[in-house]
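A short reminder: the numbers here are calculations on the coordinates, not readings from a lab. These numbers were taken from a predicted model, which means no experiment stands behind them. So basically every Cβ, Gly included, is an ideal-geometry build from the backbone, and we count neighbours across all protein chains shown.
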Amino acid sequence: MSENEENPILAFQHRFTAICAGLWCAVAVLVFIENAGPAAGKTPETLFGLGLLATGLAFLGWWSARSFKQLLIRQQNTQYTQARLAAIVDSSKDAILSKDLNGFIQTWNAGAQQLYGYTAEEIVGQKISTLVPPHMKDEIPNILERLARGEMIGEYQTKRITKSGEIVPVSLCISPVRDPHGNIVAASTVARDMRAYQAALDKITESETHLRTLMSNVIGMVYRGTADADRTMSYVSRGSLELLAISSEDLMNNRKGSYGHLVHADDRGALQDEIADAIQNERPYRAEYRVNCGPDQWKWVREQGRCISTPKTEEHILEGLIVDVTDQKNFEEKIRTLNLRLETDVEERTRELETANAELEAFCYSVSHDLRSPLRGLHGFSQALLEDYPDRLDDRGVDYLNRIRTASMKMGELIDALLELSRMSRQEMHRKELNLTGMVKDRIRLLREMDPDRLMDIHVQEGMQAYGDPELIAVVLANLLDNAWKFTSKLDRPSIRCECNDTDEGHVFYIRDNGAGFDMAYADKLFTAFQRLHKTSEFPGTGVGLTTVQRIIHRHGGEIWVEAEQNAGCTFYFTLRNKGAKDE
Amino acid sequence: MNDKFVLLVEDNPDDRELACRAFRQHKIVNHIEVAEDGRDALDFLFGEGRHADRDDSIQPTLILLDLKLPRIDGFEVLRHIRNDERTRYLPVVILTSSREEEDRVKGYSCGANSYIRKPVEFNEFSEAIRQLGLYWMILNEPLPNRGPKP
């Protein structure tokens, strides 16, 4: 409420007080006149009238003094208010000015000087159009016309020209000013400098443009949209055209169908489940699925993103990225197919191998039967000739028949050795802890029994343990010890040592003799079937034994090697995998 | 001792001759009946086929049986022998070139009395024949033949 205005209640009180005081005085005068007749004197009635009058006049005096004081205070208040308003106008950063309805500037504050560059002295009395850029002059009549109609113009965005000629963006608030009779006589204008705002706005626009450029360069489609089955997109980057063959404009707000409907029907459930779970657990979601990108055309895409609204919100808003992973999927599929084919191939090869093994077994069976029978014939009938017709054979004839018998015997041994090799390679292994020391000693006992005259110096380390198939390892020990026994046969003081070294790789067992040995240059031939390093006349043998030994050691995942010197003995080393170690 | 005879089931003529020679040398048995395959052996034992007119109550004292035979193999022959009342208790010695464990297991499970691998060396072979002949033909007491058919 303006302080200049009369408060109606206060005014009524004043009037009422004045009327009461007046009435009081009138009553006093009437009483005085009534009693001031000829018989008047200083009667009690006269004195009462005078008393009443005096009281009334005193009250009137008090009231007048009070009213005058109030008037003074009000006047002081009005002056204070005006000063305050002036101070506000003066200190305002906004330009505040007034003009009459003809467009002449009447007042001009410091803010106006700051904005437009003119001092009050320079501009007051000038036309308002001084401040309007030349190309916008025609907006003035329109504004004045609206003001004349009593309209208030608020937040009017336009441009003004300063004293220095700079065109600045401003926001105007223009209000009509009325005289006490309510006639519009002028207008006040508050103009705000919008340069900083405009600059900020420009900056935002620029960074938004940058962002959009960036988005449009992202491989794939950046989006913002709802989490429901429709996946209504409020923003989609330009990548949608390449990814889905739909422009971002058409995809946004489901203008030509929703994104949700492009998702393959078989994949929709899993996608929605993943998104729902991600929202529930406030984690990013990630899914791979198929989308339609034309008639009967499907692409594999990977979508990842995050819900930007809280889980409790009614509508969930998602932001994320969808990229084409069709090529990757195709490669994965190809790899899978190849793997599958590899497995099939392996199965096929395994079957072939099994067949080959079965054939080998059949072959071994026939070798053992069919090849041995003719040998028996050769040997038997040579013998029969020698026995039945001795008188018809000369020495050479007998010699030839003996050669036939020896050759057939030899071949029989070879066939047996080969069969043994084959059996050792095929036979199923049943491994367990072995007392190697005991096994070595058993074999040596047997050798001593068969050849009791030999004086052999033998040392076997106590407590040697190994893990292997008892039957196969027995064959290994038999072959190696028999060899040692055989190749030391021509010595006066033969010796065999069987010991074990502990190394980082495990136990290394070795069997050492001081026998014939051999030249290490031929060591690589030692384990090959039928390769012999000694003449049969010196040391008989088939040349298959060490091949069998090597095969058994390899089946156990171990290694075998040899160190030797011509006429200075040899040492066979071998390892066996420990229990629990992986097989070959 | 004259009624004792051996049935030799062997398809290889060399092995047949060598076996016969060994028996002759050691004078263990006078008569050796030879069957050239499994079918022939069964026909002889049960008086069928070309042996239809044979008296099947007269059975050999010992059967030497090779495993690898044409038509019906040794195991099959052995099974028939063990499944028939007339031959159930006849001593059958498998005489073969095979040393395969599988064959040995199968041989014994079919009811072989013994399993001998033919050695290549004739002297060994001859010795084997002598020993098994001596044991089965002379030392061993067989069940009595039931005699000729009434």
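Quick notes
- 10 Å-binned pair-distance histogram of the stretch A:187-296 (Cα, whole percent): 13, 34, 27, 13, 9, 4, 1, 0
- Gained length - A:Ser495 relative to A:Phe331, 0.36 nm times residue gap less alpha-carbon distance: 52.4 nm
- Average partner coverage of B:89-97, which counts Cβ from other chains inside 10 Å: 2
- Shielding of peptide B:113-125 by partners, expressed as the average count of other chain Cβ atoms within 10 Å per residue Cβ, is 5.
- Förster radius 35 Å - calculated FRET efficiency between A:Thr350 and A:Arg286, Cβ distance, rounded to 0.05: 0.35
- Note on the stretch B:1-42: Rg/Rh from C-alpha atoms, Kirkwood Rh, equals 0.99.
- Derived from the Cα gyration tensor, the three semi-axes of the equivalent ellipsoid of the stretch A:521-566 are 20, 13, 8 Å, largest first.
- Computed over the Cα atoms of the stretch A:316-430, pair by distinct pair, the Kirkwood hydrodynamic radius stands at 20.3 angstrom.
- Chain A: relative contact order as a whole-number percent, Cα under 8 Å and 6+ apart: 6 percent
- In the stretch A:432-527, trypsin sites (Lys or Arg not before Pro) in a DSSP loop with at most 15 other beta-carbon atoms within 10 Å: A:Arg454, A:Lys490
- Helix A:265-280 vs. chain A, principal-axis angle (Cα, 0 to 90°, nearest 10): 60 degrees
- Degrees, to the nearest 10: A:545-555 long Cα axis against longest axis of chain A: 20 degrees
- The order of A:Arg146, A:Arg349, going from fewest to most other C-beta atoms within 10 Å of their C-beta, is A:Arg349, A:Arg146.
- Our summary of shape: the Cα atoms of the stretch A:365-524 have principal axis extents of 68, 42, 35 Å, ordered from largest down, in whole angstrom.
- Sequence ranges A:155-166, A:185-196, ranked by mean other-Cβ count within 10 angstrom, highest first: A:185-196, A:155-166
- A protection proxy built from the mean count of other Cβ atoms within 10 Å ranks the segments A:475-484, A:421-430, most packed first, as A:475-484, A:421-430.
- Remark on the stretch A:52-124: Rg and Dmax equal 22.3, 71 Å (Cα only).
- Cut-off 13 Å (backbone N to label point 7 Å along Cα→Cβ of B:Glu102), residues of the stretch A:327-366: A:355-366
- Dimensions in Å of the stretch A:443-509 - Rg and Dmax from alpha carbons: 13.3, 41
- With a Förster radius of 45 Å applied to the C-beta separation of A:Gln157 and A:His261, the computed FRET efficiency comes to 0.55.
- Rg to Rh quotient for the stretch B:79-130, alpha carbon positions, Kirkwood Rh: 1.05
- Per residue Cα convex hull volume in Å³ - calculated over chain B: 106 Å³
- Helix axis angle, A:470-487 relative to chain A longest principal axis, alpha carbon, degrees: 50 degrees
- With the highest mean first, a sort of the peptides A:384-393, B:80-89 on other beta-carbon atoms found within 10 angstrom per residue produces B:80-89, A:384-393.
- Centroid-to-centroid separation of the stretch A:437-464 and the stretch B:1-65 [C-alpha atoms, Å]: 47 Å
- Ellipticity at 222 nm from helices only: DSSP H runs of n ≥ 4 in chain B, each -39500 (n - 2.57), divided by the residue count, give -11000 deg cm²/dmol.
- Cα Rg over Rh - the stretch A:462-584, Kirkwood: 0.96
- Using the rule -39500 (n - 2.57) for each DSSP H run of four or more residues, divided by the residues of chain A, the 222 nm mean residue ellipticity is -16500 deg cm²/dmol.
- Legend: calculated FRET efficiency, A:Glu34 to A:Leu60, from the Cβ-Cβ distance at R0 = 22 Å, rounded to 0.05, equals 0.50.
- Zero-based 10 Å bins, Cα pair distances in the protein assembly as shown, whole percents: 2, 8, 10, 9, 8, 7, 6, 6, 6, 5, 4, 4, 4, 5, 5, 4, 2, 2, 1, 1, 0, 0, 0
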